[in-house]
Each structure stands twice: as structure tokens, then as C-alpha cells.
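For reference, the structure is listed below as C-alpha cells.
The values are calculated or read from the model by the stated rules, or taken from the named source; none is laboratory data. It should be emphasised that the depicted structure is a prediction, and the values quoted were computed from it without experimental measurement. Backbone-built Cβ (ideal geometry, glycine too); neighbour counts: all protein chains shown. Each accessible area value is taken on the protein alone, full model and side chains, heavy atoms only, with ligands, DNA and RNA left out. Shrake-Rupley method; radii C 1.70, N 1.55, O 1.52, S 1.80 Å.
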Amino acid sequence: MHSNARKRALPAAAVIVTAALMTAGCAGGTGGGDAGADAPQELTIMWESGGKEALDLVIKEFKAVNPDVKVTVEYLDGQVIKTQVPTRLAAGTAPDLFRTEAGSGTTTATQILAARGYLAPIEIEGLELPESITATMTYENELYGFAPVLQSLGQVFNDEALTASGLSVPETWDDVLTFCADARALGTYAYAQGPVSLHENQTTPYALSGELVFEPDPDFDAQMADGKVRFPDSNWVKVLDRTLEMVDGECFPDGFEGNDMTAVLDSLATGKGLGMVGYSSYLPYASGSGATFSIYPLPASDDPEDSRLLVAPAQPFAINAKAKNVELAQEFLSFLAQPEMTQLYADTLAPTGGLLPASYLTQDPSQTQVNDMMLKYLDEERTFQFPDATWPNPEVQLALQSGMQEAIQGKRSVEDVLNAMQQAYDQGGPAD
């Protein structure tokens with residue numbers, strides 16, 4: 001079975017997060033506000049609107065065994081959440097549970113919020129995940145985020161459009177440039193891109209970084225932290241150079257500089273182009289057309305064995321340190337962490353694949369091309385996290401996003417972008 005193969009493949013990386021845990025149906029414990037048996041049996045959640053159907057199903061199952069618990073969810077756009085979470089935490093008006101992100105490189109990153117004292121540690125008995133995944137949600141040896149699903153980043157294709165083109169998935173860097181030229185000759189384009197949405201400017205650099213930066217130097221992050229290497233003097237130069245080569249090679253559609261994420265999703269769903277360089281977590285938003293999708297690493301060299309697929313937690317839950325009932329919030333996450341629930345969540349949110357249940361080490365997930373590809377690269381230990389997970393503050397990511405937005409228009413050089421990233425990196429983090 002897949003699960004046994006995964007356990008054999010990841011003996012050193014797999015960790016089990018254990019702690020004293022309440023069981024379903026005993027939700028009356030101590031909270032961050034009122035304590036004891038009188039703690040309120042009410043749970044408030046802020047979550048992304050695109051995940052409403054999946055989370056509603058989990059909540060329905062939770063309430064079936066906890067009928068006295070009231071669960072209120074505020075569903076918001078993902079970008080709005082990134083603004084609302086820090087603001088409400090600072091004001092003391094944040095909900096008990098909310099969506100966050102792994103690592104320390106964004107405004108809602110778990111390690112950033114934990115360092116500021118905004119989060120309560122998460123205790124889930126028997127949670128088994130690779131250390132590479134849990135590490136980005138851990139601060140001072142305690143877990144502060146739980147993601148029910150994992151996402152990947154690479155070249156994603158509309159299967160019908162790719163088959164109709166007669167072209168093959170690129171396996172080397174030369175293949176990528178040839179693929180882009182061949183797509184243009186057919187009257188289409190290889191990859192949709194939407195740089196007006198600021199975060200879209202990181203997708204191609206991130207996808208290339210696994211092979212160009214972290215595969216040849218797995219200790220790159222540690223060397224950055226020690227000041228032994230800097231962005232402008234590293235293989236990040238190759239990453240950004242090759243991103244601009246794809247622009248010059250007409251890999252993206254004409255006028256793409258004016259496109260946003262909505263245009264990317266529309267292109268992927270309808271097959272206007274062959275695919276995109278982006279996240280598998282986008283697929284639920286593009287699946288309404290009935291299309292199916294596949295994902296592969298974006299190659300950056302002439303050796304296919306060097307290709308790396310980026311895999312990371314998708315939108316982890318975090319617990320407000322000032323939640324009215326921390327124990328109830330813990331119980332909900334423990335319920336969600338059960339294999340049946342992570343499977344239900346993943347299959348509902350991404351019925352055509354795209355999100356791998358966090359329980360993949362202990363229970364076989366649904367067999368889709370995207371899930372199978374993530375499993376293959378996880379088994380072979382050929383994955384890396386998203387680079388921002390280890391950046392000390394959100395300004396590094398912003399420098400990359402805004403810098404590349406201007407670089408593709410010819411307004412900034414690669415050197416300019418990397419110098420700005422280094423300047424942001426040198427500011428350090430909230431705990432410095």
C-alpha cells in the first residue's frame with residue numbers, strides 16, 4: 001500500500017506530535033479567557049471563502065458528536081484574511097481559530113504570530129507528518145499550526161488542452177523553452193501568468209528555486225541566516241534570470257503584464273492556454289468547468305533527475321492565544337486531524353485532486369495525478385518547502401513580488417530585485 005511505502009521512504013523525516021488530548025465530546029476545558037467548566041461551548045472561526053463547502057462538512061461531522069457546541073464561521077477572501085488576522089489579533093478581536101500560513105515569511109505566518117505571543121500551542125495526539133512539514137509551523141519546539149492538507153507548486157496543465165496540442169510535458173530547461181515556442185506556433189501559449197496580483201510574481205521563481213538553489217545546497221537557509229551567503233551572490237541570480245528568459249521566450253500570453261490571478265484561473269479552467277506555473281491549491285477554483293489537471297516540477301537544468309517539486313502546508317489553522325476556550329479549539333483541530341476528516345476535507349475542497357491530506361502517512365489518499373505526483377516526490381525526498389517559509393519577515397517576499405512585477409516590464413534588473421530582497425532580509429524577524 002502507499003502508506004507503508006511512505007513510512008519506509010521517510011523514516012528519518014517522519015515525526016509524531018503527541019500531547020495530552022481531550023477526546024471528542026468532552027469540550028469543557030480551560031480557555032484563554034474564562035476557565036473551567038463554565039467556559040463557553042462556542043467556537044468562532046475565520047476561514048477562506050473558497051474552503052466553505054469542505055469546512056462546513058467537517059463542522060457538521062464535529063457537531064454530530066458535539067451537539068451542544070455552537071460553531072460560527074466568518075468566510076472571507078484569502079487576501080482579506082491576510083489583512084484581517086494581524087489587525088484583529090492586535091485589537092484583541094480575532095476569532096478562536098483562523099487561517100494562517102507556514103513559516104515566517106508572510107504577515108500571517110505561524111512563526112511570526114507565535115513569536116509575537118498571538119498563538120496558543122497546538123496539541124494533537126498521534127499526529128504524524130514529515131519534519132520538513134511540521135518544522136515550518138513550529139516555534140521554540142512547539143507546534144502552532146495545523147494544515148489538514150498539503151499543496152504543491154510546479155507546472156500545472158489542463159489535461160484536455162495539453163492532449164489536444166500534441167506536445168509533451170517539458171523535462172529539462174531546454175524543453176521548457178522549446179515547449180513555449182511550440183505552443184506559440186500552435187496559436188496558444190504555455191503558461192498563464194497574472195502579475196497584477198502581486199503574489200503571482202513569486203510562482204515561477206519559487207518553482208525554479210528548488211532545483212537551482214536548494215538542491216545543490218540544502219544548507220542554503222542556514223548559510224543565509226549566518227550571513228555566509230547573500231541573495232545577490234547566490235543561485236537566486238539564476239532563478240530570476242531564467243524567469244525573465246521565460247518572459248523573453250514568450251512562455252506567457254501576449255499582454256500578460258496586465259493579467260491577474262482571475263485571468264490565470266480562467267485560462268487554466270477553459271484551456272485558453274496549456275497550463276500555468278502555480279499552486280495545486282488553485283485547482284479547486286478552476287475545476288468548475290469539469291476540466292482535469294496534472295502537475296509536474298518545473299525543470300531548471302538538463303537533468304530531469306535534478307527536478308524538485310515544492311510541497312508545503314496549505315493554509316494551516318492556528319489557535320488564538322486569547323480564545324475564549326482554547327481546549328475546545330484544540331478539540332476541533334484534533335477532530336479535523338483524524339484521517340477520515342482530512343480525507344473528507346481534501347476530497348471536498350479538491351475533488352479532481354490538488355490537495356494531499358495531512359494524514360497521507362497513515363492512510364492512502366484518493367488516487368489522482370496530482371496526489372500521486374506529490375507522493376512520488378515526497379517518497380523520493382525530492383521536495384522542498386516554499387522559500388518564504390524560512391525568510392525572517394514578510395518584507396523579503398514583498399521585495400521579490402514587487403521587484404519581479406517591475407522586472408518583467410523591464411523597469412528593474414535582477415540585481416536590483418535581489419539587493420532589495422537582501423536589504424529586507426537583513427532587517428531580521430520579530431524575535432531578533
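Starting from residues that are of a type in the set (Asp, Glu) and in contact (Cβ under 8 Å) with a residue 40 or more places away in the chain, keep the ones in the stretch 111-141 and report whichever is nearest to Gly429 (Cα to Cα).
Among them, the one singled out is Glu131.
How many of the residues in the stretch 51-81 are under 25 Å from Thr348 (Cα atoms), open to solvent by 50 Å² or more (accessible area, probe 1.4 Å) and not hydroxyl-bearing (Ser, Thr, Tyr)?
15
Select from the stretch 271-297 the residues that are over 16 Å from Gln369 (Cβ atoms), outside any strand (DSSP E or B) and touching a residue at least 40 places away in the same chain (Cβ under 8 Å) and list them in ascending order.
Those that are over 16 Å from Gln369 (Cβ atoms), outside any strand (DSSP E or B) and touching a residue at least 40 places away in the same chain (Cβ under 8 Å): Gly271, Lys272, Gly273, Tyr285.
List the number of the failed condition for Ser359; all other conditions in (1) farther than 29 Å from Leu113 by Cβ; (2) in a loop (DSSP other than H, G, I, E, B) hold.
The number of the failed condition is (1).
Out of the residues in the stretch 89-110 that are part of a helix (DSSP H, G or I) and in contact (Cβ under 8 Å) with a residue 40 or more places away in the chain, state the one that is farthest from Glu42 (Cα to Cα).
Checked the stretch 89-110; the qualifying residue farthest from Glu42 (Cα to Cα) is Thr110.
Any residue in the stretch 332-342 that is of a type in the set (A, V, I, L, M, F, W, C) and open to solvent by 30 Å² or more (accessible area, probe 1.4 Å)?
Looking through the stretch 332-342, none of the residues is of a type in the set (A, V, I, L, M, F, W, C) and open to solvent by 30 Å² or more (accessible area, probe 1.4 Å).
What number of residues within the stretch 266-286 are surrounded by 20 or more Cβ atoms within 10 Å (Cβ to Cβ) and closer than 20 Å to Val149 by Cβ?
10
Does Ala358 qualify as being open to solvent by less than 10 Å² (accessible area, probe 1.4 Å), in contact (Cβ under 8 Å) with a residue 12 or more places away in the chain, within 15 Å of Ser209 (Cβ to Cβ) and among the small types (Gly, Ala, Ser)?
No: the conditions fail for Ala358.
Specify which of the listed residues (Leu298, Leu328) is over 24 Å from Leu127 (Cα atoms), aliphatic (A, V, I, L, M) and touching a strand residue (DSSP E or B) at 6+ places or on another chain (Cβ under 7 Å).
Leu298
Given the stretch 368-432, what helices (runs of 4 or more DSSP H) lie entirely inside it while holding 2 or more residues that are surrounded by fewer than 21 Cβ atoms within 10 Å (Cβ to Cβ) and modelled with pLDDT of 95 or more?
Per the criteria, 394-407, 414-425.
Quick check, is Glu123 at pLDDT 95 or above, open to solvent by 20 Å² or more (accessible area, probe 1.4 Å) and of a type outside the set (A, V, I, L, M, F, W, C)?
Judged against the criteria, Glu123 is not a match.
Based on this model, can you work out whether Gly290 counts as open to solvent by 40 Å² or more (accessible area, probe 1.4 Å), at positive phi and modelled with pLDDT under 95?
Judged against the criteria, Gly290 is a match.
Is it true that some residue in the stretch 306-318 is at pLDDT 95 or above, among the hydroxyl-bearing types (Ser, Thr, Tyr) and either under 17 Å from the mean Cα position of the chain (by Cα) or open to solvent by less than 30 Å² (accessible area, probe 1.4 Å) (or both)?
yes
Please go through (1) aromatic (Phe, Trp, Tyr); (2) modelled with pLDDT under 95; (3) part of a helix (DSSP H, G or I) for Phe335 and return the number of the only condition it doesn't satisfy.
That leaves (2) as the condition not met.
Pairs needed: first member in the stretch 255-266, touching a residue at least 12 places away in the same chain (Cβ under 8 Å); second member anywhere, open to solvent by 50 Å² or more (accessible area, probe 1.4 Å) and of a type in the set (A, V, I, L, M); C-beta distance under 8 Å; at least 6 residues apart or different chains.
Glu257/Val196; Gly258/Val196; Asn259/Val196; Asp260/Val196
So which residues in the stretch 173-231 are more than 21 Å from Leu153 (Cα to Cα) and among the small types (Gly, Ala, Ser)?
Ala181, Ala183, Ala185, Gly187, Ala222, Ala225, Gly227 - these are the residues of the stretch 173-231 that are more than 21 Å from Leu153 (Cα to Cα) and among the small types (Gly, Ala, Ser).
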